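Remarks on the structure that follows.
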Amino acid sequence: MLLIWNRPGFVEALTEQERNEIFGAVDEIMKELTASGELVGGQALADPSQTRTVRLAGDRAEITDGPFLESKEQFAGYLTVDCDSPERAAEIAAGWPDVRRGLGVLEVRPVMGDGGTEM
């Protein structure tokens, strides 16, 4: 799985040409991954301001607004790919426009199987 992390609102700071270039590059990557059969799926996530966080507080679940992470980048979406090796997954991540332009990072992480023995 390729976890996409970037700065919330970064798109609004881009020019229209920059946005078109980035989204055009994403479309190209998605077409290539679809054609190669490596794309399993993926989604962008809504702005972090729409997040609710649930954690244990004493003996009950507490629900708060926002992710409240102490980092500039927020989890923005994901791609699931089925490829031959972790190196190929990292190669795909390195080609992602957010990475190439220094606007975000992609985390490459294997997905656990149903048995959960990969931990």
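Accessible surface of ASP59 in the full protein assembly, 1.4 angstrom probe, to the nearest 10 Å²?
Near enough 140 Å² of accessible area.
If LEU39, LEU3 are ordered by their accessible area, calculated over protein heavy atoms with a 1.4 Å probe, which sequence runs from highest to lowest?
Working: LEU39 50, LEU3 25 Å².
Order by accessible area, largest first: LEU39, LEU3.
Within region 1-87, report the chymotrypsin sites (Phe, Trp or Tyr not before Pro) that DSSP leaves as loop and that have at most 10 other Cβ atoms within 10 Å. Before the final figure, lay out the partial values.
Numbers: sites: TRP5, PHE10, PHE23, PHE68, PHE75, TYR78; in loops: PHE68.
When the chymotrypsin sites (Phe, Trp or Tyr not before Pro) of region 1-87 are filtered for loop state and at most 10 Cβ neighbours within 10 Å, PHE68 remain.
Within a Cβ distance under 11 Å of GLU91, other residues only, what is the Lys/Arg minus Asp/Glu net charge? Intermediate results must be reported in sequence, preceding the final value.
Values: positive: ARG88; negative: GLU38, ASP84, GLU87.
Result for the local shell: -2.
Could you list the trypsin sites (Lys or Arg not before Pro) in region 1-86 that lie in coil according to DSSP, counting only those with at most 11 other Cβ atoms within 10 Å of their Cβ? Before the final figure, lay out the partial values.
On the way: sites: ARG19, LYS31, ARG52, ARG55, ARG60, LYS72; in loops: LYS72.
Those that pass, being in a loop and sparsely packed, are LYS72.
Are there GluC sites (Glu not before Pro) in region 45-110 that DSSP puts in a loop and that have at most 11 other Cβ atoms within 10 Å, and which ones?
Details: sites: GLU62, GLU70, GLU73, GLU87, GLU91, GLU107; in loops: GLU70, GLU73.
Filter output for region 45-110: GLU70.
What's the local net charge at ALA61, with K and R +1, D and E -1, over the other residues with C-beta under 12 Å away? Write down the numbers at each step before the final one.
Details: positive: ARG52, ARG55, ARG60; negative: ASP59, GLU62.
Neighbourhood net charge equals +1.
Grab the eigenvalues of the alpha-carbon gyration tensor for the chain, scale each by 5, take roots, and send me the semi-axes largest first in whole angstrom.
The answer is 27, 23, 11 Å, longest axis first.
If r is the Cβ-Cβ distance from VAL26 to ARG60 and R0 is 35 Å, what FRET efficiency results, to the nearest 0.05?
Details: r = 41 Å, r/R0 = 1.18.
Step by step, r from the Cβ atoms, then E = 0.25.
The values are calculated or read from the model by the stated rules, or taken from the named source; none is laboratory data. Keep in mind that this is a model prediction, so the values were computed, not measured. In this analysis, Cβ positions are derived from the backbone assuming ideal geometry, glycine residues included, and neighbour counts consider all displayed protein chains. Only protein heavy atoms, including side chains, enter the accessible area calculation; ligands, DNA and RNA are left aside. Shrake-Rupley method; radii C 1.70, N 1.55, O 1.52, S 1.80 Å.
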